[in-house]
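Have a look at the structure below, then the notes.
The values are calculated or read from the model by the stated rules, or taken from the named source; none is laboratory data. As the structure is a prediction and not an experimental result, all values here were calculated from the model. Every residue, glycine among them, receives a Cβ derived from its backbone with ideal geometry; neighbour counts consider all protein chains shown. For accessibility, only protein heavy atoms count, side chains too; no ligands or nucleic acids. Shrake-Rupley method; radii C 1.70, N 1.55, O 1.52, S 1.80 Å.
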Amino acid sequence: MFREIRSDDKNLYFDFVDKFYHTDAVNAPVPIENYEVTFNEMMRSDTYLKGYIFEWEGVPCGFALLSRTFSQEAGGISVTIEEIYIEPPYRGKGMGTAFFEYLKREIPAMRFRIEVEDYNEGAKRLYERMGFELLPYLQMVIDKQRCQ
């Protein structure tokens with residue numbers, strides 16, 4: 001159903017990322033240069049990033065991207081599911097559920113986080129079913145790319 005991303009998955013990864021960033025699951029696309037930087041970092045090390053390719057009966061149909069940080073609040077490693085995308089014809093087949101179960105069982109972390117747009121009711125229901133709780137605060141950012 002899913003496997004770790006490999007160096008020969010670059011074009012496939014770029015295709016899925018581009019589709020993801022042109023859906024209503026995100027606020028805005030990111031520069032294609034970011035795909036390259038992210039892919040190169042995943043291939044360099046899994047210290048910060050880890051990627052997965054989703055497959056259904058051997059057919060690639062999506063991806064997930066995880067990032068890792070340390071959280072004093074959680075008392076250890078915190079993993080953020082940065083992106084998860086499954087092609088529409090393959091949704092509802094249990095891949096997302098299986099992936100979240102795998103994360104909870106196999107990834108040594110004290111906390112898992114995921115972002116979701118407020119209007120994405122289907123995703124919110126899935127995440128709540130997987131045990132995610134809505135946080136009662138907003139997050140703020142400074143993106144260096146946008147400040148220059």
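Close amide H pairs (under 5 Å, H built 1.01 Å from N) link residue 71 with 76, 77, 78, residues at least 5 positions away or on another chain. Computed from backbone phi, the HN-Hα couplings of segment 25-33 come to 6, 10, 6, 7, x, 10, x, 4, 4 Hz, rounded to whole numbers (Karplus: 6.51 cos²θ - 1.76 cosθ + 1.60, θ = phi - 60°; Gly and Pro given as x).
Here segment 48-69 is scanned for amide nitrogen atoms under 13 Å from the site 7 Å beyond the Cα of residue 3 along Cα-to-Cβ, giving 52-61. For the chain, the Kirkwood estimate of the hydrodynamic radius, built from every pair of different alpha carbons, is 16.3 Å.
Rounded to the nearest 20 debye, the dipole magnitude of the chain is 360 debye, with +1 charges on Lys and Arg beta carbons, -1 on Asp and Glu beta carbons, and the Cα centre as origin.
Evaluated with a Cβ-only charge set (Lys, Arg +1; Asp, Glu -1), segment 17-100 carries a dipole of roughly 200 debye about its Cα centre, given to the nearest 20. The fraction of all Cα pairs in segment 108-148 landing in successive 5 Å bins from 0 to the largest distance is 5, 16, 23, 18, 15, 13, 7, 2, 0, given as whole percents. Between residue 14 and residue 129, the simple spin-label model (points 7 angstrom out along Cα→Cβ) gives 3.5 nm. For segment 1-97, the solvent-accessible area of protein heavy atoms averages 54 Å² per residue (probe radius 1.4 Å; ligands and nucleic acids excluded). Computed in the context of the full set of protein chains, the accessible area of segment 56-142 at 1.4 Å probe radius has 53% of its extent on carbon or sulfur. Using the Karplus relation 6.51 cos²θ - 1.76 cosθ + 1.60 with θ = phi - 60°, the per-residue 3J(HN,Hα) values for segment 54-59 come to 8, 9, 10, 6, x, 9 Hz, with x marking Gly and Pro.
Label separation (residue 115 vs residue 47): 2.4 nm, computed from points 7 Å beyond Cα along the C-beta direction. Cross-link partners of residue 10 among lysines, defined as those whose alpha carbon lies under 19 angstrom from its own and excluding same-chain residues fewer than eight positions apart: 19, 50.
Against the empirical 2.2 N^0.38 Å scaling, what ratio does the C-alpha Rg of segment 80-148 come to?
1.30
How big, in percent, is the set of alpha carbon pairs in segment 1-70 lying more than 20 Å apart? Percentage above 20 Å: 28. Taking amide H as placed 1.01 Å from N in the peptide plane, residue 112 has its amide H under 5 Å from the amide H of 79, each at least 5 places away in sequence or on another chain.
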